[in-house]
Amino acid sequence: MKQHNVYINGVGSISIQEEGALALPDWGEENYLRCIDPPFAQYISPALLRRMSKVVKRGIVSALLALKDGGIEMPDAIISGTGLGCIEDTEKFLSAMIEQNEQFLQPTHFIQSTHNTVSSQIAIMLKCYNYNNTFSHLGISLESALFDGFLQIKMGMLSNALINGCDEMTPDYHLMLKKVGFWKDTPFQMEDMYQAITSGTVAGEGCNSLLLSNEKNEHTYAEIKDIQLIHHRNNNNIEELLEDFLDKNGLTLSEIDAVMSGINGEMKNDAVYDKLYTEGENNPTQLIYRHLSGDFFTSSGFGLIQSAKVLKNQNIEPLLFRKENKKNKIRHILFHNHYKNSTHALILLSVCSN
Amino acid sequence: MNQRIAITGLGIISAIGNNQSDTLRSLLESQSGIGEMQFLDSIHHEFPVGEVKLSDAELKKLCQIDDESIIGRTTLLGILAVREALKEAQIEQVEKHKIGLISGTTVGGMEKSEQFYLDFLQNDLHNEYINIHDCGACTEGIVEHTGNFCFCTTISTACSSAANALIMGANMLKAGYLDIVVVGGAECLSKFHLNGFNTLMILDKTPCKPFDQNRSGITLGEGAGYLVLETEEHAAKRNVKPICFVSGYGNACDAYHQTASSPDGKGALLAMQKALKMSGLKPQEIDYINAHGTGTQNNDLSEGIAVQQLFTPVPPISSTKSLTGHTTSAAGGVEIILSILAMKNQFLPQNLNYQDKIEELNFEPIKSNMLNHPIQHFLKNSFGFGGNNSSIIISNNI
Amino acid sequence: MKDLILELKEEIIEVLNFEGMTPEDIDENAPLFGDGLGLDSIDALELIVLMEKKYGIKLADPNQGREIFASIATMAAYITEHRTK
């Protein structure tokens, strides 16, 4: 089978960051920040806007930005990942159902509660009849969507694919996740990202879109060489699996210039990365992003976009550094995200010299 | 040829049976599983449902899971079906294979969250259920009780979730990322779903009547259906005989409305055309269509128009939702398996509760089981909210 | 009747999320569906919920709503005649 190359040709993001250069946000007492929303009316007609919840609007705008950035109007596929789906509408419907004893419920909240709302609303807006899919698998929801698009482009089934990672963090869901220990209960400090000694992380939300294509052109940020999603409940051989993944792509860890990892200031989470990337010799430069995006099930979308920009611009914004170990040209970035050490996503990104 | 995608195991649970053999018996006898709700605690008893005839406690017992375990009904249904599928495929130790699980679900652990939601917000009585609320947690729960899969993800495209899981699984096999993949979906009944569909005024107060002129909506069901897929070559290497083959699939978007199908059935037509194209088959080679056929005015007309555009004449067609109810995310898996059971036993399953032809359409569904009727290829439609339409073509093992 | 019309306008703005719109922006005699406010089938379902919740009027068939929901004025007339609360 002829294998095609896969490139990132466009990106779009709605996040807790202001437009422009990255800044370390003030995480405040609660360690909880919400998106800075764009003027939605500039992108979406009032008739459609009226019914959409925040995450749907954001997902559409980030998708439109990525398409524009990549110079494509009609993608071959729209594939989204969302850990929690459209929870604002889900919560509205669920609480009304309980409070009103299953009576007088509003259809709109049910309709928009479905996880695939973002993918399908993008399709409806674009009149895009092509492949359309949505993944919802905890911390690898976006990676699953990315993998689906990557796979199909590689096999020649698609020439491009719009990938979106969308999650919102409503106050109620934030509270629920707080109860099961997701968030830090001490104020966030930058030191947490260098050496975590407490549990919990910082809560964010966002929608991040990437336009993948089989064509290298003036829009190209980077090449996605390979993606591997690894699921292992008794995960003691991740080192071996990482080595296999790199080996399959003709590389060793010492040839990786930088690792963009899902370090988030949670000690158990970060220990996994530290063991892999700080204990050997000739360690790659360590890059981080979750202090800038907050943590949510699809926050890796934000990190992927930063990685793509690093490869394109050959410039690393200072706030992305955890530790600079190499100063040479950045040829390969290993993107590594794991969820509770039971699922790992390894994504190999490489520079494209035109 | 040896790269053909073989199906080597099936697992099913729904209102008409807890396993393959019970299901086949019901299917042969056209025994519907739809009736008044016994297990779902809702005020809306006016709507019949297709429940799996086991309580959560009985399901746990059947799964050999401790009654105290924190586990949702969707996960329990999934565990039973995945185990049955793995057994048939002769996979005893999952960790010995390069095997993945791709599961479809939509409301995840909602049937527990809707019981404890106020507690989640107001006290700490049921915090342990917070972690099993979402879709991914359901799949992880299935994995926990079925084996150490090396790849695992969840698709959530509403009622076409299981069909899309099959598509992704087949692609992964073709690209060599996995040797074996278990695909399908699971969904239990929930008040959330029942009330949600009720707000759209598309639930039937009598058992659903797909493709009938006087159809008046969906009957919700629940269940799980999973298939084991591997390349023909890999099955041969393991000395496992394929049950049948996946010969084509297509996913398209109707791009019309969040909940309604387009009047011309555009998305449905595109999905079927893509599936046919991949299979290399001509429309007249399809011997049977297992329709999405929800029983709503909108779906059956839209789907019927799309089918008519592609097939002249329309091959025998039925919606088995008239037996099981609409198992939502599981429907793709459940209904492909029902059709495979029919194919292996050479009959075409009946479309129950049908009386009058839809005026705008030129075909009638199968009115009673057609016995001694070989199927070489069948097409399965699975459509979801948001216009997530997928079609799958399965071919017999010859 | 006038109060009811104003009330309906306010309810519709609220329930159907017409952000930034005021009751004065809606002509009670203009069609709600199609040209006027441009409501669609989902809005019709929302209006059915409103009728039941607020005025105790139960419409079993969504198609029945088409005539009743022709305009705010027709809605008000129907409610006046059939309301149970």
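Only the coordinates and a few stated rules stand behind these numbers; no lab work does. All of these numbers come straight from a predicted model, not from anything done at the bench. A quick note on method: Cβ atoms are made from the backbone with ideal geometry, for glycine too, and the neighbour counts reach across all protein chains shown.
Data for the structure
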item	result
Residue (of B:N298, B:Q346, B:P263) at the positive-pole extreme of segment B:249-396, dipole from beta-carbon charges	B:Q346
Hits among lysines - C-alpha to C-alpha of B:K60 under 20 Å, sequence gap 8 or more where chains match	B:K87, B:K112
Inter-chain shielding of B:197-203 (mean C-beta neighbours from other protein chains, 10 Å cut-off)	6
Mean residue ellipticity (222 nm) of chain B, computed from DSSP H runs ≥ 4 via -39,500 (n - 2.57), nearest 500	-10000 deg cm²/dmol
Tensor-based shape of segment A:63-163 (alpha-carbon gyration tensor, a/c under 1.5 rounded, otherwise prolate or oblate)	prolate
Positive-end residue of A:T134, C:N63, A:G265, charge dipole of the protein assembly as shown with Cβ unit charges	A:T134
Considering only chain B, percent of DSSP beta bridges that pair antiparallel, nearest 5	70
Computed label-point distance, nm, for sites A:E243 and B:Q346 using a 7 Å Cα→Cβ extension	5.7
Dipole in debye (nearest 20) - the protein assembly as shown, about Cα centre, beta carbon charges: Lys, Arg +1; Asp, Glu -1	2380
Cleavage-rule hits, GluC sites (Glu not before Pro), segment A:149-229, DSSP coil, Cβ neighbours within 10 Å at most 12	A:E218
For segment A:7-213, share of DSSP beta bridges that run antiparallel, in % to the nearest 5	60
For chain B: Kirkwood Rh in Å [reciprocal of mean 1/r, alpha carbons]	20.5
Antiparallel bridge percentage (DSSP; both residues within the protein assembly as shown; nearest 5)	65
Computed [θ] at 222 nm, deg cm²/dmol, chain A (DSSP H ≥ 4; -39,500 (n - 2.57); rounded to nearest 500)	-9500 deg cm²/dmol
Lysines with Cα under 27 Å of A:K327, excluding same-chain neighbours fewer than 8 positions away	A:K216, A:K225, A:K248, A:K275, A:K309, A:K312
Pairwise centroid distance, computed over Cα atoms, of segment B:255-316 with segment C:55-85, Å	37
GluC sites (Glu not before Pro) lying in DSSP loop within segment A:1-80, provided at most 11 other Cβ fall within 10 Å	A:E18, A:E19, A:E29, A:E73
Segment A:289-354: projected area of the alpha-carbon convex hull, averaged over directions, in nm²	4.9
Calculated Rg and Dmax of the protein assembly as shown using C-alpha coordinates, Å	26.1, 84
Whether segment A:144-236 is rounded, prolate or oblate, judged on the alpha carbon gyration tensor where a/c under 1.5 counts as rounded	prolate
Contact order relative to length of segment B:249-396, as percent, for alpha carbon pairs under 8 angstrom and 6 or more apart	35
Cβ charges +1 (Lys, Arg) and -1 (Asp, Glu), total dipole of chain B, debye	1360
Modelled FRET efficiency - R0 25 Å, A:K312 with A:E73, Cβ distances, 0.05 increments	0.70
Set B:K191/C:K85; B:K53/B:K266; A:K268/A:K329; A:K127/C:K58 screened for pairs whose C-alpha atoms are more than 30 Å apart	B:K53/B:K266; A:K268/A:K329; A:K127/C:K58
All Cα pairs of segment A:222-350, percent lying beyond 23 Å	23
Leading residue at positive end of dipole, segment A:195-235 (Cβ point charges), from A:H232, A:L211, A:T201	A:H232
Size of electric dipole in segment A:7-213: Cβ of Lys, Arg +1 and of Asp, Glu -1, about Cα centre, debye, nearest 20	640
Over segment B:296-398, equivalent-ellipsoid semi-axes from the Cα gyration tensor in Å	20, 17, 14
Over chain A, equivalent-ellipsoid semi-axes from the Cα gyration tensor in Å	31, 25, 18
Alpha carbon convex hull of segment B:5-237, volume per residue in cubic angstrom	137
Inter-centroid distance (Cα atoms) of segment B:175-204 relative to segment A:260-301, Å	34
